1. I'd like the full set of residues that are outside any strand (DSSP E or B), touching a residue at least 12 places away in the same chain (Cβ under 8 Å) and of a type outside the set (G, A, S), limited to region 71-83.
2. Answer yes or no as to whether D205 is in contact with a helix residue (DSSP H, G or I) (Cβ under 6 Å, 6 or more places away or on another chain), assigned to a loop (DSSP other than H, G, I, E, B) and assigned by TED's automatic domain parsing to the domain that holds G277.
3. Quick one: which residue in G106, G90 is at positive phi and in contact (Cβ under 8 Å) with a residue 24 or more places away in the chain?
4. So is G92 in contact with a helix residue (DSSP H, G or I) (Cβ under 7 Å, 6 or more places away or on another chain), in a loop (DSSP other than H, G, I, E, B) and over 19 Å from Q304 (Cα atoms) or not?
5. Checking the conditions here, which among A134, A154 is among the aliphatic types (A, V, I, L, M), within 20 Å of A247 (Cα to Cα), surrounded by 12 or more Cβ atoms within 10 Å (Cβ to Cβ) and out of contact with any strand residue (DSSP E or B) (no Cβ under 8 Å at 6 or more places or on another chain)?
6. For D167, only one of the following conditions fails: (1) more than 21 Å from the chain's Cα centre (by Cα); (2) modelled with pLDDT of 95 or more; (3) surrounded by 16 or more Cβ atoms within 10 Å (Cβ to Cβ). What is its number?
7. If I ask for residues that are part of a loop (DSSP other than H, G, I, E, B) and closer than 12 Å to L302 by Cβ, which ones from region 247-274 would you list?
8. What pairs come up if the first residue lies in region 57-70 and is touching a residue at least 60 places away in the same chain (Cβ under 8 Å), the second is in a loop (DSSP other than H, G, I, E, B) and acidic (D, E), and their beta carbons are under 7 Å apart, counting only those six or more places apart or on different chains?
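The values are calculated or read from the model by the stated rules, or taken from the named source; none is laboratory data. These figures come from a predicted structure and were not determined experimentally. Here the Cβ positions follow ideal geometry from the backbone for every residue, glycine too, while neighbour counts run over all protein chains shown.
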Amino acid sequence: MILAGDVGGTKSNLGLFDIRQGKLVRMAYKHYTSHEYAGLHEVAQDFIRETNSKITAASFGIAGPVVNNAVRATNLPWTVDGTEMAKFLGLGYVRLLNDLEATAYGIRVMESSDLDIIYPGTPNPQATQIVIAAGTGLGEAVLFWNGKEHIPVATEGGHADFSPSTDHQADLWKFLKKRNPFVSTEIILSGRGFQNIHEFLSPYDKHPGFDPTTDPAPEITRRALANECPVCVATLDLWLDIYGAEAGNFALRSLARGGVYVAGGIAVKVLPKLKDGRFASAARRKEKLEDFLSLIPITVVLNQDCPLMGAAYAASQTASATASQS
């Protein structure tokens, strides 16, 4: 049985998977609130005790840079070491992945019903692809085409500096710089980014959830989609302009002719706005290369288990490679 995990600053999802007729089949699943646990060991121990299953392979996607199969989580006070997890689980090896690297692996096992093409472009599946995902933070990964298959490559691009492309966005940067020593793209393109933009646009308009203990993003996006609050509508529009621009920047830097995949929890929640053309237009609006970018398809990943399934897929591939070598 394969143990897989999708570990983030807000939630940690664990699942048990089996391989049946060449496909991953989820046998068990549980959602955990990450900050309620001291570390991944506690979460895994609880899950294994509850499912009472024998684990034969394991892999975890974790938000943070993985170095020497260990990671210090970006938005959690956790340090996870693959060697220690292997000992804990009684396995020879446990593979740790950046969370977006896990999502990139998950793209391989998505069904057509798990994907929604919001901009068709001109498909070129045998070319480099990218994945961008806004949620608790902003993650980015590359699916590099090596001539035979796509190889996921992790990045920490979400922590790069935010680069405004209009005077209005430059004013937003100045507003955020007064509050933060660094203005990363993630400060905007994440759940907390909605309140940052809302306060920039109208510092005196408040909604339920504008306090340190509550996530204001659901209320802002709900009001925006329902057209109940003009400031919320403007907030979501500006957020999507910046999100699309960042996707276009990433596509240029990686020459992602194979397509852009938009994953993460926020994309599904604001899908009607993602599909109205604003995001795709912002992605294409670049110096000299708009024609090139117009060829690149943009697809939203609807299946929120994509990173979990990607971690399970990576574990199964590692187990198969190990078995073939023994």
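1. Selection gives T74, N75, L76, W78, T83.
2. Taking the combined requirement at face value, the residue satisfies it.
3. Going through G106, G90 in turn, just one is at positive phi and in contact (Cβ under 8 Å) with a residue 24 or more places away in the chain: G90.
4. So G92 passes the test.
5. None of the other options fit; the residue is A134.
6. Unmet condition: (3).
7. G264
8. P65/E156
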